[in-house]
Amino acid sequence: MKITEIETLVCHARMRNWIFVKVVTDQPGLIGWGEATLEWHTRGVTGAIEDLKPLLIGEDPRRIEHLWQMMWRQHFWHGSGVTRSTAIAGIDLALWDIAGKIHGVPCHELWGGRVRDFVRLYCHLGGGNLEQFYETPVDHAKQFGELAQAAVEDGFSAFKSMAVPPTMPIEGAKPVRAAEACVSAMREAVGEEIDIMVDCHARPSPAMGMRFAKALEPFELYFFEEPCWPENLESLAAINAAVSTPIATGERLTHLAAFRDLFEVRGCEICQLDLTHCGGFTEARRIAALADVHRIALAPHNPQGPVSTAASLEFGFSQPGYIICESVHNDVPWRDDVVQEGFSVDQSNRTVTPNQKPGLGVEINEDEVRKHPFEQEIPQRVFYEDGAVGDW
Ligand SMILES: [Mg+2]
């Protein structure tokens, strides 16, 4: 059995371009689907996949670990840069899809069978716009409350929001009070049975991240995400130690050694590895084993497309430490035309039962994908009040 071709199909879906990766074999009808979506870097990733192709064409797709080692270690540079680790992930997911199809079982069955009956989904309420926090603060907090209520009415038992304004490296009470007002409005709207998460998008400095974490501690968040840059390991650890709220991070880490460093300092309680950026299932399973040693939970980052979601769910049904799956609530209206999924969602409580189809269980309609060609993403730019560059 041989790999004969690796193709990328780019599908523009609202704010991002989904990059589907198709690995073709010499066996009639046997193909694998992966995803390598990386916002604002679409051409870089499709180019990186082109660069990896000469390593893989003619190789046996069943030798997944062997091929992963080739993709990671050959070509001199290791695969840890996000463009390449995303390209590797897209191909790796497709190879596991092929493995499932060869054996006629869903991917989670390849790794020892399912470890739970269902997976809970959460949605994202958005937010995080500087002007909205300060121009109409009362209305803005109220809006968070309304969005929270709407998510619960849609069946979600958990949701995330960017209820923290962007801040300069050091600011006073104003942004902290603004964040408190928004989180308070959400808690008041949904009560204590619902899990609320707040994502800082790694915009605060460690000092501001600490202040937000302490101010929001009384609201008993399910988790508090990226309170400072992911490379500030000692600061993540300090914040995680200072509050009882579990700290979450990991979506921008791309390889096992980076997670080792994070876990060793206890920089988080929830590991948000991204299956499409951390080298796919092959590396993610190593990261999960390492997280397990530290009793750190898994909640993969997943704002991308349908193959990424299918991958997150296959992973979730096979990993004991997996707690919840991120989902895109208001996706493109033509999603079902592009993809058929193997799992089903109970809309009344937004839980997912396992995929029954082989591999990732997804079927991509290539003609429908071609109706939505690449479009340049809108630049997301944040500047502080004084004009200096901030993080988005
Ligand atoms: Mg995040």
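Checking each residue in region 23-77 for being part of a loop (DSSP other than H, G, I, E, B), of a type outside the set (A, V, I, L, M, F, W, C) and under 24 Å from PRO306 (Cα atoms) picks out GLY29, THR37, GLU39, HIS41, PRO61, ARG62.
Scanning region 249-265 for residues that are closer than 30 Å to GLU368 by Cβ, modelled with pLDDT of 95 or more and within 16 Å of the ligand (Cβ to nearest atom) turns up at least one hit.
The single condition from (1) away from the ligand (no atom under 16 Å from the Cβ); (2) within 19 Å of CYS200 (Cβ to Cβ); (3) among the polar types (S, T, N, Q) that THR136 fails is (2).
Looking across ALA141, ALA150, ALA173, one residue alone is small (Gly, Ala, Ser), crowded, with 21+ Cβ neighbours inside 10 Å and out of contact with any strand residue (DSSP E or B) (no Cβ under 6 Å at 6 or more places or on another chain). It is ALA141. In region 246-269, the residues that are at positive phi reach residues that are at pLDDT 95 or above and more than 14 Å from the ligand (Cβ to nearest atom) with C-beta atoms within less than 8 angstrom, at least six apart or across chains, in these pairs: GLY250/PHE259; GLY250/LEU262; ARG266/ALA237; ARG266/ASN240; ARG266/ALA241; ARG266/HIS294. With the structure loaded, tell me whether VAL152 is within 25 Å of the chain's Cα centre (by Cα), of a type in the set (Val, Ile, Thr) and part of a helix (DSSP H, G or I) or whether it fails that test. Here the answer is yes, as VAL152 does meet what is asked.
The values are calculated or read from the model by the stated rules, or taken from the named source; none is laboratory data. Keep in mind it's a predicted model, so treat the numbers as computed, not measured. Backbone-built Cβ (ideal geometry, glycine too); neighbour counts: all protein chains shown.
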